[in-house]
Amino acid sequence: MSNFFKAVFSVPFLQRLEKLRLFACDRVSLLRRILCPIYPLVYADDVRGEISAETLVVLSPKEYWVMEASLNVSTEKEAIKYAPALFDLGENHLYQAKKTADNSYLLLAYNPKEVENKIRKNPILSNAQKVTFAQWVFGDLDKPVRLNNNRYLSVVDGIVLEMEVAYLSKHGSITLEEALRSPQKSYKSVSLSTLISDTPAPKTFKMSLFVLLLLSGNFFFQAVNDHLTIAESNAKIEALLNSSHLSATSIERDVILRSLREKEETQLALRQKCYAVSMLDIPLEKAVSNVPATLSGNEGIVLIPGSKPGDSNRLLIDGKTDTASAIGGMTGFSELLYDGKTLKITLDAADDKRADEIKSIVLKKFKHSRINEQNHKIEVRIK
């Protein structure tokens, strides 16, 4: 909050308020008497008698620097940005500008500390609250102004200068009192409280309080609007929960959603593994071998001509051979199991050669699988 008050009471902020006031005075005649009252003027180097707090002190040309500059800008605010580089006086100076024509400005620089010291050290000026500059007050006069110290104020090429009496004649000049009385109008001014002192002037405090009230009202209405928006959103969420029959607790909803998401991911992974297994190029084939067709036991009728008693009982197959083809080993899938984490498949191989081929095919597709082989039965665990 302290930083906010410093920003409100800072010199740039108060200068912007002053420019806004002067703009309103120039554009709106009805506000001129309220915002831009006409104050009595007094020349800082020639003060006689006491002055009131409403008196505007005019600083002599010795208290500031002024120059005319051609700048490709459209406002006085933009022209002030160029003033520090044009004057090159250091960081302890403030600047003002006045537009005289298109792209032509009068730039003014002053040291706020020196201005305040000059006013505060003079007991007669102790009540002064605002100061202005001779450039703003006498810049439009077409006659020299005769000061009481035998010096003159004269306008040379649009700039007000204070010079010795030897350079000008009294003929055609006017006195300082006449110049301060006419014409009566409002001038740009600087509040002494904004130069160095940290204590704001009463008028500045009132203006700042008004701004704070506006900001507070804006914050209040914004808070009410946010509250209504949040209440409307909560009502919509409640209606959505009631229509979907979901738990009203966000933690429970998150748990349900997480569980469903995990199940979906697990099912997807299983489907991908099963699809990869189905794409394995493992042929299903049977190994056939010829073995004697024998009957159990050693006793019985011998059906093969030429057989001797005691020989194994044998049958003549198709009247041509005494041997029959028998089914040996089988190559292919025999079992598929899934325990929720690992997919286990079992494959049978007809011989060692087929077993090696199957292991090579499986490892090529599932590089991180575990393979165990026993009696031509290959067990593969896929994670």
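The values are calculated or read from the model by the stated rules, or taken from the named source; none is laboratory data. This is a predicted model, so every value here is computed, not measured. Every residue, glycine as well, gets a Cβ built from its backbone with ideal geometry; the counts of neighbours run over all protein chains shown. Surface accessibility is based on the protein's heavy atoms, side chains included, excluding ligands, DNA and RNA. Shrake-Rupley method; radii C 1.70, N 1.55, O 1.52, S 1.80 Å.
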Tell me, rounded to the nearest percent, the portion of alpha carbon pairs in the range 206-277 spaced more than 15 Å apart. 75 percent
Residue 220 accessible area, nearest 10 Å², 1.4 Å probe? 130 Å²
Quick shape summary for the range 37-199, equivalent ellipsoid via Cα gyration tensor, semi-axes whole Å in descending order, reads 24, 22, 14
Label residue 375 and residue 120 with points 7 Å out from Cα along Cα→Cβ: what is the distance between them in nm? 10.9 nm
Using a 1.4 angstrom probe on the protein heavy atoms only, line up 207, 279, 67 by accessible area, largest first. 279, 207, 67
With all protein chains present, calculate the accessible area of residue 352 using a 1.4 Å probe and round the result to the nearest 10 Å². 90 Å²
Selected from 222, 207, 259, residue furthest toward positive end of dipole (the range 206-277; charges at beta carbon): 259
Might you report the magnitude of the Cβ-based charge dipole of the range 37-199 about its Cα centre, with Lys and Arg at +1 and Asp and Glu at -1, to the nearest 20 debye? 280 debye
Taking amide hydrogens as modeled 1.01 Å from N in the peptide plane, which residues meet the under 5 Å criterion relative to residue 58, leaving out close sequence neighbours? 42, 43, 44, 132
So, counting K/R as plus one and D/E as minus one, what does the shell of residues with Cβ under 11 Å around residue 377 add up to? -4
Phi-derived 3J(HN,Hα) across the range 221-238 with the Karplus relation (6.51, -1.76, 1.60, θ = phi - 60°), rounded Hz, x for Gly and Pro, is 5, 5, 5, 5, 5, 5, 4, 5, 5, 5, 4, 5, 5, 4, 5, 5, 5, 4
Given a 1.4 Å probe and heavy atoms of the protein chains only, how would you sort 369, 216, largest accessible area at the top? 216, 369
With every protein chain present, what accessible area does residue 39 have (1.4 Å probe, heavy atoms only), rounded to the nearest 10 Å²? 60 Å²
Accessible surface ranking that places the most exposed of 171, 376, 93 first, with a 1.4 angstrom probe: 171, 376, 93
Between the modelled labels at residue 271 and residue 91 (7 Å from Cα along Cα→Cβ) the distance in nm is 6.8 nm
On the protein heavy atoms, probe 1.4 angstrom, tell me the percent of accessible surface of the range 37-199 carried by carbon and sulfur. 48 percent
